[in-house]
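Here's the structure, in C-alpha cells; my notes come after.
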Amino acid sequence: MSTQNIKISATAAANTTTTSATTPLTVGIDRISFATPHYYLNLEELAEHRGIDPNKFTIGIGQSEQSVPPNHQDIVTLAAQAAFPLLPYIDSNRLKMLIVGTESGVDASKSSALYVQNLLKLTPWVRSIEVKEACYGGTAALMMACDYVRAHAEKNPQVLVIAADIARYGLATPGEVTQGAGAVAMLVSANPHVLKINDDSVVKSADIQDFWRPVYQDTALARGKFSTEQYIQFFCEVWQKYCAQNDCNFSDFAGLCFHLPYTKMGLKALKAAMDSCANSCSDSCDNSNLSESSRNRLLSRYETSTKYSRRVGNIYTGSLYLGLLSLLELDEFTCENSDLTALKSGDKIGLFSYGSGAVGEFFSGTIAPGFRDALFAREHADMLDSRVHLSVADYEEMFESVAPYAPEDFESSTSCREGASFFLDDITSQERHYSAR
C-alpha cells in the first residue's frame, strides 16, 4: 500500500480522550509497533561455520537468529516501516514532535527524523529531531515525549518516538553474534491504551569507555567484559536508589524488562540484584523481601520478554522496547503453560535502559485497560515467521554490500526487496535518496 493513499483525519486518534480537570493526567505509550528486515541468519549455522560450539551462541549468549538488512535498508527505512502501522492513529492536528533515537545515524548533521517524516507523509508542522546516547537514545526520546505531553496537556498532543538501529561489529569478530537490525515505534499521548509511563525514574550518568563508534566507521568498538560489568553495576545502583525513593521492592512488579544487547545480559543483572547484588553492588542491597513466588514470576516474565530479541538480535536503542513488546504480546501464551496469571490492567512493569558511555535509567509503567486490543501481535508474528533464511555465504555477501561511510556514489540492489515498503535507492553526490513502495 502506498503511503500516498493513507487518509489521516482529525478524528483518527479519537482513541485518546481529553483529560478533565478532575482526572489525574496519565501519559504513556498509546500504540507500539516494530519492524525488522525480511532476512535472517541461523546462529547455530554461523557457529558451525566459524568453528565454534553452537551452545556458546544459543545458550551462553542466548541468541538463536539474527536479522540481516539488505543494502536498501538503513535506520530511516526501518524507522518508517515500524511507524507505518501507527499512521491511522495519528491526528495530524495533534502530532507535535517526531523523535528518532539511534546510534546508527545516517548523517552527522541532518536528523534521520526528517527523512522519516517525508517517507510517511506526516504533517510538516512538527519538530523532527534525532537524539543519541548509545543504546539509551530511545529512552531519552520517550522521556522527552512524555514530558512534552504533560507540559502541553491542554492541547492533548501526540509525539511519535522511534528507536531504530543496526548493530554491526564485523564478520568473524567476537561481537558478530550480537548483531541485529530493527526499529520500534511508539505513539505517546495522554490516556494511553498500552502503557502509562510513571513519573518515578532514577537515572545515572558516568563518563566511561566501555563502547563507542567513531564517526568515520559503521562498526562499533567495545570492551565486552568491562561493558557487561558496568551494565550490571548500573542496574544494581539505580535499582537500589529507585526502591529507596519509591518505597518499593521486587514484589511490587509484575515483570521487569531490560535493555538486551543479547538475551543473557539482562538476566545477569537481574540475578545479581536478586542475590543481594553480590560482587556488583554495595552490601546494603537488601532483598530479604524477595519471596520465592516473586523471584519465579520475574524470572519467568524475563524469559518471555527475550523471545523477540532471541530471534531479531541486538537493535541497540530499540532493544528495551522490543523486550517490552515481547512481554506484552507473548505473556498470555506463556501463562497457559505455567502457574502465572496473565498480565492485566494495573500491573506494574519495571524497565531498565542502559546506553554505554554510559547512562542507565530505571522507571516503571502501568498496563492500561484493554492493552491487548491496542497491540499488533498477529502482524509481528507473521513478520517474523515469513522471513527468508540466509545461508552464511549469503549473509556475508549482504553484510559486505552495505552503503559505505565514504564520499563515493552508491546504488542499492533492486533484489531482496520483498517484505519492505521503504527503500534507500542511492547516495549520489553524498545525498541520500529514498522511495516508498
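The values are calculated or read from the model by the stated rules, or taken from the named source; none is laboratory data. Computed from a predicted structure; not experimentally measured. Positions of Cβ are generated from backbone atoms using ideal geometry, with glycine treated the same way; all protein chains shown enter the neighbour counts. Heavy atoms of the whole protein, side chains included, go into the accessibility calculation; ligands, DNA and RNA do not. Shrake-Rupley method; radii C 1.70, N 1.55, O 1.52, S 1.80 Å.
Quick notes on this structure:
- Residues in segment 72-97 that are open to solvent by 20 Å² or more (accessible area, probe 1.4 Å) and either under 30 Å from Pro404 (Cβ atoms) or assigned to a helix (DSSP H, G or I) (or both): Gln81, Phe84, Pro85, Pro88, Tyr89.
- The lone exception for Arg295 - which of (1) out of contact with any Asp or Glu (no Cβ under 6 Å at 6 or more places or on another chain); (2) closer than 22 Å to Glu65 by Cβ; (3) among the basic types (Lys, Arg) it fails: (2)
- With respect to the conditions (1) in contact with a Phe, Trp or Tyr (Cβ under 7 Å, 6 or more places away or on another chain); (2) of a type outside the set (Lys, Arg); (3) more than 28 Å from Tyr216 (Cα to Cα), Asp165 falls short on a single one, namely (3).
- For Leu114, the test of being in a helix (DSSP H, G or I), modelled with pLDDT of 95 or more and open to solvent by 20 Å² or more (accessible area, probe 1.4 Å) is passed.
- Residue check for Ala381: more than 29 Å from Ala140 (Cβ to Cβ), open to solvent by less than 40 Å² (accessible area, probe 1.4 Å), hydrophobic (A, V, I, L, M, F, W, C) and part of a helix (DSSP H, G or I): yes
- Matching strands (runs of 3 or more DSSP E) fully within segment 132-235 where at least 2 residues are touching a residue at least 40 places away in the same chain (Cβ under 8 Å) and open to solvent by 40 Å² or more (accessible area, probe 1.4 Å): 202-205
- Tallying residues that are surrounded by fewer than 17 Cβ atoms within 10 Å (Cβ to Cβ), within 28 Å of the chain's Cα centre (by Cα) and at pLDDT 95 or above within segment 398-413 yields 3.
- Residue in segment 362-373 that is within 25 Å of the chain's Cα centre (by Cα), within 23 Å of Val68 (Cβ to Cβ) and assigned to a strand (DSSP E or B) present: no
- Scan segment 238-256 for residues that are surrounded by fewer than 20 Cβ atoms within 10 Å (Cβ to Cβ) and either of a type in the set (D, E, K, R) or outside any helix (DSSP H, G or I) (or both) and the total you get is 6.
A quick yes/no check of all residues on (1) of a type in the set (Gly, Ala, Ser); (2) surrounded by 24 or more Cβ atoms within 10 Å (Cβ to Cβ):
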site	(1), (2)
Gly318	yes, yes
Thr341	no, no
Phe352	no, yes
Val359	no, no
Phe362	no, yes
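- Any chance Thr58 is crowded, with 24+ Cβ neighbours inside 10 Å and among the polar types (S, T, N, Q): no
- Members of segment 414-431 found to be outside any loop (DSSP other than H, G, I, E, B) and of a type in the set (A, V, I, L, M), listed by number: Leu424, Ile427
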